[in-house]
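> Mind having a look at this structure? Questions to follow.
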Amino acid sequence: MLEWRDARLRKHADYQRVYRESRRYSSSSMSYFFRARRADDPAGQEPRVGLTTGRVLGNAVERNRIRRRMREAVRMHLSELPPRVDVVLHPRKVVLEMEFARLQGEVARIFGSVAGSSGAGQ
């Protein structure tokens, strides 16, 4: 089973590549970007996910809580992503107060959308 720490986007250049090679998609609680990696990409087969939480989301305590909630929701639905795809999630402040089951459903819907897109299956 794929672990969250093995599926993280870590480098700034990887985030920039996702932003440059995709467009912004939105849902009720977050916006997201994704790109399909080529088969010869050295990053491997596993899907990778990055989270961003800027200062606009609140103080450090609130941002950390958002990150913890997002990481858990992503961890629970990571297997729904196709191989060789990079996803960046930008949560909105509403994630802090929303029910966790609803957050999980939102992440699952986003990952399903990424999996169903024509570009992600390459």
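The values are calculated or read from the model by the stated rules, or taken from the named source; none is laboratory data. Remember, it's a predicted structure, so these values are computed and weren't measured experimentally. As a convention, Cβ positions derive from the backbone with ideal geometry for all residues, glycine included, and neighbour counts pool all protein chains shown.
> crowded, with 16+ Cβ neighbours inside 10 Å, more than 19 Å from residue 117 (Cα to Cα) and in contact with a strand residue (DSSP E or B) (Cβ under 7 Å, 6 or more places away or on another chain): which single residue out of 15, 32 fits that description?
Checking each option against the conditions leaves just 15.
> Inside region 88-109, can you point out the residues that are crowded, with 22+ Cβ neighbours inside 10 Å and modelled with pLDDT under 95?
Correct list: 95 only.
> Among what's in region 1-55 and is assigned to a loop (DSSP other than H, G, I, E, B) and polar (S, T, N, Q), pick the residue that is nearest to the chain's Cα centre (by Cα). Give the derivation first.
Quick first cut of region 1-55, residues assigned to a loop (DSSP other than H, G, I, E, B) only: 1-3, 9-11, 21-24, 27-29, 37-47, 52-54.
With the extra rule that they be polar (S, T, N, Q), the set shrinks to 22, 27-29, 45, 52-53.
On the way: 22: 13, 27: 12, 28: 15, 29: 13, 45: 16, 52: 9, 53: 12 Å.
In this case the residue turns out to be 52.
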